[in-house]
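To start, the structure itself, in structure tokens.
The values are calculated or read from the model by the stated rules, or taken from the named source; none is laboratory data. Please read these numbers as outputs of a predicted model, since none were measured by experiment. Every residue, glycine as well, gets a Cβ built from its backbone with ideal geometry; the counts of neighbours run over all protein chains shown. Quick note on the areas: whole protein, heavy atoms, side chains included, nothing else; ligands and nucleic acids left out. Shrake-Rupley method; radii C 1.70, N 1.55, O 1.52, S 1.80 Å.
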Amino acid sequence: MALLQISEPGRSAAPHQHRLAVGIDLGTTHSLAATVKSGSAEVIRDEAGAALLPSAVRYFSDQPPVVGHEALAVQTTDPVNTIVSVKRLMGRAFQDIAEAAQLPYRLVDTPGMVKLDTAAGARSPVEVSADILRTLRARSEGALGGELTGAVITVPAYFDDAQRQATKDAAKLAGLNVLRLLNEPTAAAIAYGLDQGAEGIYAVYDLGGGTFDLSVLKLSRGVFEVLATSGNARLGGDDFDQRIYGWVLAQTGLAELSPQDMRLLLAAARRAKEALSDAPEAPLALTLGNGQSLAMTLARAIFEDLTHDLVQQTLLPCRKALKDAGLSMQDIKGVVLVGGATRMPCIRQAVAEFFGQVPLTNLDPDQVVALGAAIQADILAGNRQTGDLLLLDVTPLSLGIETMGGLTERIIPRNATLPVTRAQDFTTFKDGQTAMSFHVVQGERELVADCRSLARFELRGIPPMVAGAARIRVTFQVDADGLLSVSAREQTSGMEAAVAVKPSYGLSDGEIARMLSESYQYAQEDLQARSLHEQLTEAGRMLEAVAAALAGDGDLLSAEEHQAIDGLMAALTEATLGTDAARVKACLDKLNEGTQVFAGRRMDRSIRQALTGRAIGAIAA
Amino acid sequence: MIDFSQNHLDLFGLPARFDVDVATLEERYRTLQSAIHPDRHATAPETQRRLAAQWAGQVNEAYRVLKSPLERGRYLLSLQGVDALAPTQTSMPAEFLMQQMEWREELAEARGDYAALSRLEQALQREHHGLLNALSCQLDELGHYEVAAETLRKLKFIARLEEEVSEAFEAL
């Protein structure tokens with residue numbers, strides 16, 4: 001194949017530079033980052049050698065927040081300002097939080113997402129998560145010795161759209177370029193599958209601190225295809241602690257506890273739970289704020305009795321996922337355990353009994369998710385040659401529109417492979433109706449009231465017609481991050497009135513902008529300088545990408561077309577020498593537009609090559 | 001040149017037949033996704049990434065349709081201009097309507113009875129299998145599209161009933 005090589009000084013067809021990318025497991029209890037170094041994934045440790053960062057943030061009135069062990073150590077003395085398990089509050093409204101009474105925080109009932117009142121003022125769960133991510137970003141950049149190109153952040157597979165959006169916003173606030181939101185069980189499967197060279201159908205049972213996921217995947221020559229996922233976004237190890245907590249209160253007759261005592265008792269409950277994984281009984285001793293001492297012993301049998309129904313609750317999604325995938329128990333080749341809570345013997349036993357086989361536990365259940373995310377980050381950053389791994393994930397919950405009578409019209413069913421686009425036509429119900437409002441919901445129930453409300457929007461400018469004559473096509477699109485966008489368009493009149501809706505349950509763009517500027521004040525960064533820096537990074541990435549595309553597929557262009565693209569690249573290169581962010585952006589947009597036809601031809605070529613390369617005989621037949 | 005209006009079978013390089021080799025279909029799906037998935041173009045210019053996302057969505061949709069015999073049959077008929085499941089298409093032979101009622105009664109009586117549910121499940125599976133064979137013959141060999149459309153409607157009914165039986169099993 002004849003290649004048209006271009007080589008101009010300063011942008012020769014990219015010497016393959018290793019880009020720094022990390023996988024981050026943003027967990028309920030703890031978080032961690034991992035990266036791929038010389039071909040293998042490893043966790044990134046702090047200066048003290050610890051990989052796990054407790055997901056705890058303490059706020060002050062007069063100094064920046066403290067994250068991690070230092071915060072966790074004082075959670076019993078300063079419980080109101082020390083936020084733990086914030087993941088359980090992500091994308092949640094005040095009224096969604098059933099366990100509010102057992103949380104030692106001052107929750108603020110704000111429109112959209114709940115907030116926490118701290119010494120530093122009201123903080124959204126997104127901001128708290130951003131503080132955790134910022135710490136991991138600093139740790140990673142310190143350890144890797146440079147700025148990160150991007151990060152893959154993991155989320156529970158069963159997270160809904162609001163929770164995913166909140167996670168992405170948190171990463172943005174922390175100054176991270178999000179390469180992908182990746183489902184935790186899928187990340188674990190990558191780390192596991194690659195480690196073991198596995199082929200066949202596997203179930204990943206992931207019980208974290210606050211969430212439970214069950215994913216069924218088919219592994220076949222490097223393709224990880226999620227067949228079905230199910231779970232419970234409000235069930236995790238924390239709930240087991242709560243049961244012990246409740247038991248102690250019942251045993252001792254203690255009633256109202258102060259926030260400090262609440263934290264003390266919860267921490268003691270947690271220690272007892274962990275001790276019971278290795279011993280038949282565990283001591284549970286603490287001294288309350290008023291000097292009263294408690295000294296009890298918790299037997300494993302009692303603990304298992306207290307939590308039996310929680311364990312059973314995890315088996316329901318297992319059954320559901322198998323059914324959705326159209327599989328029976330015999331089809332499952334192996335079961336992988338992920339999440340610290342799967343260390344509990346009662347869990348291991350229940351899983352073994354349910355699937356009829358001993359689950360696989362040879363990778364550290366606390367690290368496996370971050371390791372898998374690191375591998376995906378390495379691929380998406382462009383450090384690996386293509387061809388070795390591909391993920392095909394699914395949407396965990398059905399997405400739909402409210403119709404007359406409060407019923408849900410399903411548009412995208414659960415377990416649809418991503419990315420997915422589906423459209424549905426609606427019509428007006430009154431003569432001369434010129435506007436129509438839509439309510440986007442997520443969930444499996446028929447009644448809208450039982451589903452999660454994601455967004456509301458209105459389509460205006462519909463030409464007046466008799467009822468039922470207008471045809472309004474509503475298009476749902478879910479991208480590879482599992483994030484939804486919705487648009488609506490009136491079709492019959494040929495007139496286009498389109499709106500694009502990004503579900504923004506929780507934070508508005510304005511709020512994010514404000515938080516960004518506030519967080520930069522902490523970091524003493526200039527917002528404008530930041531914006532220029534971002535545009536320059538993007539421009540560099542784009543120039544490199546186009547140069548590589550020209551080097552590989554330049555023969556798809558005529559001499560004039562090639563020249564036109566060269567001209568746009570030169571203009572962008574020149575703009576990057578200045579300091580005008582808007583000009584860089586404008587040149588970037590032009591280059592993007594100018595390479596559209598080229599992109600189309602390259603896609604066609606890769607499809608043709610894929611089909612003819614492997615199966616030419618079969619196609620010709 | 002490959003375009004979005006291309007039919008699902010062409011996209012997968014498969015002949016326009018109902019009888020599809022499932023292993024080949026799965027293999028082609030993985031091959032196509034391996035070439036066009038946005039992750040494969042993660043470092044490409046933005047326009048190309050967007051195009052890749054559109055293509056990946058298209059391939060997913062085609063795969064979903066071709067994988068399910070019912071959807072595949074319906075799709076092949078739509079290529080012949082026959083809308084098998086249109087709301088206006090309600091005609092059904094009298095004997096099938098009788099059979100429907102009998103099955104419904106059987107299900108009502110079998111609720112809570114494992115052995116009876118199993119018997120009904122097996123009967124429905126046999127019927128399902130027979131209808132699929134008939135559909136294959138009507139579509140691929142005879143080209144009797146209106147007859148095939150009726151077979152498809154029967155299949156749809158059987159599938160719904162099978163779903164109800166499986167729910168009854170879960171309720172045991």
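The ellipsoid equivalent to the alpha-carbon distribution of segment A:113-181 has semi-axes of 22, 17, 8 angstrom, derived from the gyration tensor eigenvalues as √(5λ) and listed largest first. Centre-to-centre, using Cα atoms only, segment A:261-338 and segment A:521-591 are separated by 53 Å.
Set against the 2.2 N^0.38 Å expectation for a compact globular protein, chain B has a Cα radius of gyration ratio of 1.28.
Considering every alpha-carbon pair of segment B:8-67, the percent of pairs per 5 Å bin, from zero through the bin containing the longest distance, is 4, 20, 29, 20, 13, 9, 4, 1.
If you take all other residues with their beta carbon under 15 Å from the beta carbon of B:E146, and give Lys and Arg +1 and Asp and Glu -1, the sum is +1. Pairs of Cα atoms in segment A:385-440 fall into 10 Å distance bins, from 0 up to the last occupied one, in shares of 18, 37, 24, 13, 7, 2 percent. Taking the chain by itself as reference, segment A:179-194 contains these residues with an accessible-area loss of 20 Å² or more in the full protein complex (1.4 Å probe, heavy atoms): A:R180. Buried accessible surface for the B/A chain pair comes to about 3600 Å², total over both chains, computed with a 1.4 Å probe. A straight chain from B:Q99 to B:A123 at 0.36 nm per residue would run longer than the Cα-Cα distance by 7.5 nm. Of the residues A:T149, A:Q491, A:S40, the one whose Cα sits farthest toward the positive end of the charge dipole of chain A, with +1 on the Cβ of Lys and Arg and -1 on the Cβ of Asp and Glu, is A:Q491.
Against chain B, whose longest principal axis is taken from its Cα atoms, helix B:114-137 shows a tilt of about 50°.
With all projection directions averaged, the alpha carbon convex hull of the protein assembly as shown covers 38.4 nm². Here r is the Cβ-Cβ distance between B:K156 and A:R601 and R0 is 41 Å; the resulting FRET efficiency, rounded to 0.05, is 0.50. If R0 equals 45 Å, the separation of the Cβ atoms of A:R460 and B:V22 corresponds to a calculated FRET efficiency of about 0.40.
If you take all C-alpha pairs in segment A:36-147, what percent of them are over 25 Å apart? Of all Cα-Cα pairs in segment A:36-147, 29 percent lie more than 25 Å apart. Relative to the Cα centre, the charge distribution of the protein assembly as shown, modelled as +1 at Lys and Arg Cβ and -1 at Asp and Glu Cβ, gives a dipole magnitude of about 520 debye. The mean sequence distance of close C-alpha pairs (under 8 Å, at least 6 residues apart), as a share of the length of chain A, puts its relative contact order at 14 percent. Rounded to the nearest 500, the helix-only mean residue ellipticity at 222 nm of the protein assembly as shown stands at -14500 deg cm²/dmol, with each DSSP H run of n ≥ 4 adding -39,500 (n - 2.57).
Whole Å is fine, so just give me how far the alpha carbon centre of segment A:218-247 lies from that of segment B:33-53. The two parts, judged by their Cα centres, are 30 Å apart.
Only one residue of A:Q95, A:Q251, A:S558 has its Cα farthest out toward the positive end of the dipole of chain A, where Lys and Arg carry +1 and Asp and Glu -1 on Cβ, and that residue is A:S558.
Over segment B:94-171, accessible surface divided per residue gives 58 Å², non-protein components excluded, 1.4 Å probe.
Counting only Cα atoms, the size of segment A:21-71 along its three principal axes is 44, 22, 17 Å, in decreasing order.
Taking the DSSP bridge list for chain A and keeping only pairs wholly inside it, about 80 percent are antiparallel.
Using a probe of 1.4 angstrom and keeping all protein chains present, the accessible surface of chain A works out to 42 square angstrom per residue. Taking 0.36 nm per residue of separation and subtracting the current Cα-Cα distance, fully stretching the chain between A:A275 and A:D331 would add 16.6 nm. The share of Cα pairs per 5 Å bin across segment A:528-587, counted from zero up to the longest distance, runs 4, 20, 26, 20, 14, 10, 5, 1, 0 percent. Looking at the P(r) of segment B:94-171, how many percent of alpha-carbon pairs lie beyond 18 Å? Looking at segment B:94-171, the distances longer than 18 Å represent 44 percent of pairs. Residues in segment A:393-409 carry Karplus couplings, in order, of 9, 10, 8, x, 10, 5, 10, x, 10, 6, 10, 3, x, x, 9, 9, 9 Hz; the curve used is 6.51 cos²θ - 1.76 cosθ + 1.60 with θ = phi - 60°, and Gly or Pro positions show x. The distance between label points at A:S40 and A:E99 comes to 3.7 nm (points 7 Å beyond Cα on the Cα→Cβ vector). Here r is the Cβ-Cβ distance between A:A559 and A:T612 and R0 is 22 Å; the resulting FRET efficiency, rounded to 0.05, is 0.20. Averaged over peptide B:55-63, the number of partner chain Cβ atoms lying within 10 Å of each residue's Cβ comes to 5.
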